[in-house]
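Here is the structure we will look at.
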Amino acid sequence: MDYSQFLAMKQEIGLLIVFLLVFLYDTFMPKKALNGTSVFTCVVFAIYTALCFCCCMTDTWATTFSGMYATSPAIAAIKNILNVGALIVLIQSCKWANSDEQVVRRGEFYELLLATLFGMYLMISARHFLLFVIGLESASLPLAAMVAFNKNRYESHEASIKYLLTAVFSSAVFMMGLSFVYALAGSLYYTDIYCAISTQPSAMLVLALAFVLAGMGFKLSLVPFHLWTADVYQGAPTVVTSYLSVISKGSAAFALLVMMVQAFGLVYSQVWEWMLYALIILTITVGNLFAMRQRNMKRFLAFSSVSQAGYIMLGIIAMNATGMASLMYYILVYVFSNLAAFGVISAIENNCGKVDMDDYNGLYRTNPRLSVAMMLAMFSLAGIPPFAGFFSKFFIFTGAIQQGSTAIYVLVLIALINTIISLYYYLLVVKAMFINTENGCVIAPFKSACSERLGLWISVAGILLLGIVSCFYNSLLELCQTYGIF
Amino acid sequence: MFSNILIYFVLIPLLMLAGLGISRNVKQIRAVAVVGSTALIALSVYLLVDYLGQRAAGNEAEMLYTGSWSWFTPLNINLSVGVDGISIAMLILSSFILFTGSFASWKIDQPKEFFLWLILLSTGVYGFFISIDIFTMFMFYEVALIPMYLLIGVWGSGKKNYSAMKLTLMLMGGSAFLMLGLIGIYYHSAPAGQPLTWNLLEIAHNNAISTGWQHFLFPMTFVGFGVLGAMFPFHTWSPDGHASAPTAVSMLHAGVLMKLGGYGCFRVSMYLMPEAANDLAWIFLILTGISVVYGAFSACVQTDLKYINAYSSVSHCGLVLFAILMINTTAMTGAIMQMLSHGLMTALFFALIGMIYGRTHTRDIHEMGGMMQILPYLSVCYVIAGFASLGLPGLSGFVAEMTIFVGSFEQGMIDYLGGAGSLRLVFTIIACCSIVITAVYILRVVGKLLLGPVHDDHHRQLTDATWWERLSTATLIICVAAIGCFPNFFEQLIRFTFNPEFFRALAANVPVLN
């Protein structure tokens, strides 16, 4: 066996090393040193993230294990983006993980989180559906455990069961679709499927792709597969919710893009296109309409993230370099914006347990910094310049329209009109914090923990800089243009 | 980058934001606002003088002081700046209104946050007027819109929550159409095989947008900007928004922000897509014609001073878009004059209304009367503003409206005699009626509010304008009178822009009298 092929998997191996280090530290260190587990994890993961930025962006194409696994600069870049998001989640989780209730399970939390990240890596890099399914499962199952992490809270258990059942169900649907694909193509390699599937789709292929899309739709919480989202987001611990809404969603979106281009690219325009158009319109609209009525901040962000998934899908249907770069950039910006919002929510929840939008009334009077961070996050999610969200939305629309058909103009127009609806409910939060100040605020002034502040500062810096400083998007687009879509 | 004078129009507001961030008390905040806005006036006046000097020296370029710095290189998005006479006129307008607006909000609550948002808004405004790259233009446009939400929501009065949300959502709704239009323009900005561009001048020079696409993109952009220009039926945000906004915000919004709409229609929709402008002008002529007359009639029946003025703004801003759609040099000159004139006089109106409201705590004209005896200075100012609004010669309104109607009638006759239908002629005549209606509602307010007996005895204790109020209003009155007395100077400034190059495409379709 040629062991040098493992060298292509630098990022996976690096992540495994981080995982093992955390595991060993948590298992064998004396009890006194265990208080440093959080810091240790964050530092090691930060070093790993930085190393990935230094080493892995310059690589070119590489496939190993007879083509089951592939990596390229674009794939390295999306993994780095996920790393940054996971790092912020790790930092933000410090206070929660060290609370009295969680302290005994602190180590497991970090290990589970790293394990899911590993699964997501595999999903993105897989070029064979078996590897993909392994990645999918190892990304989903530990997450169910993480959702149940608030052991003493009933909602957390309920959310976990809901998540587990939907994950299992969606995997089953997904594999049903795969079995059809296997029957048609006789292979599970993306490249073989690509060649074997004719451009004249049979009814079986349409069914197979519908199943595959449904399976991925559960992961991405696209409408009509979104029903688990709000309950799970509400019940899970806030840090897990933020991880679920950002990292899990981003990786699934990118994996779907890879799958669509590499395995089913030829039949895209006959089969996928209309399915995806319908899904996008439904996802954006339903997500927005439901978000308007939510009073619980976590449910509110759950539906907001449903509609954001629709915008992410717009980057997928572009099927060109601009679209792909915009998708990656969108995920990057979404990571920072959503994590800023969740950072504020979790800071407030950890401090006084309030998660209702009405509790945020007049927050600016008591906690001006947190409310400014929240406002920036909301503006960025709504796509208001000069914050990063504006640029990511603009570019994702630009990428989609490059395709040029009339249908895409209509689709983008619907999406744009939906941004107005989304602006309405994002402004409701701003209104609560800044305008509804008559009755004072139920949240007393408090000083949030160091880790929470650090996480928020990073997120806010991202919101402010990612758009105005153009090099992030420029380098992503150059990457995608140079190396093609993959 | 910093050798280009135009950059400072954005840099100074940004420095002001930084200055506000570090200021500790209300005196420092005021100092930052006054010094910054004075610097902006000085800068824009210097720009005006230098620009005229360059034109006199025979510089025929379409835009002067151009500069371009690449930003999102792979998409060819640049930070491109450049100005012509119209932009300079708008820059001067913005500077004066920001200056007077700062004085009008001398005693505001939470001054730091208020001025932060106000200056952020004006950063967007300045950025919009100096940009010639449609991406940056659009970005600055949206930067200017969003602070309105908090400015109205936090510092407003009346049903402020409703108005703030309505205004923000409607304007952002307009910009949704606009965004689609602009991205569409980008993808058709160059002939096949050449690099696509966001630069206004290059797009106009390429002239590559096919007529079919123009018919789709023109309405998108025109409606997008038209919402901000208070075009019927998208004007409904304007009365509520202006009525609820605090004084300085009403001034800046009606005075400057609504001009963004007219300027955008002119600069993007008309300039880049002349064929569609010519084909589809009739639809928007009807809509803006309705704006002009309907706004004026609505103003006649309102009793809240701010509503009266807001509807009058709908009418006057409608006239701007109406004149632009005439596609005629004279009418377009009038449109730009009207933007200047309306900006100044409506700012003056809102400033005065704010000052009166601050004293009487009511804006209902039935609850006030005889103000001329109590507040002589403010009342005289109000009368002057009213005269400017109804088009008294010697003040700015007369010059603008006269030019517009002469140009429109001219174009109407050309259409009619050339067999192109009588729509323009008919609508010019209809729009002319608005002058009379304007006189009705202005004189009604003057009669009820300023003349006659004192309605409420409590009002007798009121004191007349303070020094900062006098400074604010006097500056505006001087500007209004300057336009009225020296129209030729402003006409010269704008005329340079209407060079043959600018009218290249328009003239290909429409006969233009010179």
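The values are calculated or read from the model by the stated rules, or taken from the named source; none is laboratory data. Note that this is a predicted model, so its numbers are computed, not measured. Neighbour counts run over all protein chains shown; Cβ positions are idealised from the backbone, glycine included. The area values use the complete protein model at the heavy-atom level, side chains included, leaving out ligands, DNA and RNA. Shrake-Rupley method; radii C 1.70, N 1.55, O 1.52, S 1.80 Å.
Observations
- The simple spin-label model puts a point 7 Å past each Cα toward its Cβ; for A:VAL103 and B:THR303 those points are separated by 6.9 nm.
- Simple spin-label estimate for B:SER157 and B:MET63 gives 4.2 nm between the two label positions (7 Å along the Cα-to-Cβ direction from each Cα).
- Surface share of carbon and sulfur [accessible, 1.4 angstrom probe, percent] for chain A: 68 percent
- FRET efficiency estimate (nearest 0.05) - Cβ-Cβ, A:ARG295 to A:VAL469, R0 45 angstrom: 0.80
- Buried accessible area, chains A and B (both chains, 1.4 Å probe, Å² to nearest 100): 3500 Å²
- Computed packing ranks the peptides B:485-495, B:144-154 as B:144-154, B:485-495, most packed first, by mean other Cβ atoms within 10 Å.
- Rounded D (µm²/s) - the stretch B:7-509, Kirkwood Rh over Cα pairs, Stokes-Einstein at 25 °C, 0.890 mPa s: 108 µm²/s
- Relative to its residue count, the stretch B:354-432 spans a Cα convex hull of 114 Å³ per residue.
- Proximal charge balance of B:LEU425 [Cβ under 15 Å; K/R count +1, D/E count -1]: -1
- Base-10 log of normalised Debye intensity for the stretch A:205-358 (one unit scatterer per alpha-carbon) at q = 0.09, 0.12, 0.13, 0.18 Å⁻¹: -0.29, -0.50, -0.58, -1.02
- Given their separation in residues at 0.36 nm each and the Cα-Cα distance between them, B:VAL49 and B:ARG24 gain 5.3 nm when the chain is fully extended.
- Interface residues of the stretch A:419-442, defined as those with an accessible-area decrease of at least 30 Å² between the chain by itself and the complete set of protein chains (probe 1.4 Å), are A:ILE420, A:LEU423, A:TYR424, A:LEU427, A:LYS431, A:PHE434, A:ILE435.
- Estimated at 0.36 nm per residue, the fully extended path between B:GLN461 and B:PHE2 surpasses their Cα-Cα distance by 159.9 nm.
- Proximal aspartates and glutamates to A:LYS162, defined as alpha-carbon separation beneath 12 angstrom and excluding residues fewer than eight positions away on the same chain: A:ASP231
- Other residues within the sphere of radius under 14 Å centred on the Cβ of A:VAL258, judged by their own Cβ, net out at +3 (K and R +1, D and E -1).
- Cβ-defined net charge surrounding B:PHE103, 12 Å radius [Lys, Arg +1; Asp, Glu -1]: +2
- Sorting A:VAL89, B:VAL440 by solvent-accessible area of protein heavy atoms yields B:VAL440, A:VAL89, largest first, with a 1.4 Å probe.
- 3J(HN,Hα) from dihedral phi, the stretch A:175-181, Karplus parametrisation 6.51/-1.76/1.60, rounded to Hz, x for glycine, proline: 6, 4, x, 4, 5, 5, 4
- Surface accessible to a 1.4 Å probe, per residue, for the residues of the protein assembly as shown, Å²: 32 Å²
- A full extension of the chain between B:VAL406 and B:ILE429 corresponds to an added length of 7.2 nm, given 0.36 nm per residue minus the alpha carbon distance.
- Across all Cα pairs in the stretch A:3-483, the calculated P(r) in 20 Å bins from zero up to the longest distance comes to 25, 60, 15, 0 percent per bin.
- Cα-only radius of gyration and Dmax that characterise the stretch A:184-282, units Å: 15.4, 47
- From helices alone, chain B scores -23500 deg cm²/dmol at 222 nm; the rule is -39500 (n - 2.57) for each run of n ≥ 4 DSSP H residues, then divide by the residue total.
- Here the Karplus relation 6.51 cos²θ - 1.76 cosθ + 1.60, evaluated at θ = phi - 60°, turns the backbone of the stretch B:48-57 into coupling constants of 4, 5, 5, 4, 4, x, 5, 5, 5, 7 Hz, with x for every Gly and Pro.
- When B:LYS448, A:LYS354 are compared by accessible surface with a 1.4 Å probe, the order from highest to lowest is B:LYS448, A:LYS354.
- Apportionment of accessible area to carbon and sulfur, the stretch B:7-509, percent (1.4 Å): 67 percent
- With eigenvalues of the C-alpha gyration tensor scaled by 5 and rooted, the protein assembly as shown, Å: 54, 33, 24
- Placing unit charges on the Cβ atoms of the charged side chains and taking the dipole of the protein assembly as shown about its Cα centre, the candidate lying farthest along the positive direction among B:MET371, B:LEU200, A:PHE472 is B:MET371.
- When the helices of chain A are scored as -39500 (n - 2.57) per DSSP H run of n ≥ 4 and the total is divided over every residue, the value at 222 nm lands at -25000 deg cm²/dmol.
- Chain A - percent relative contact order, Cα under 8 Å, separation 6 or more: 15 percent
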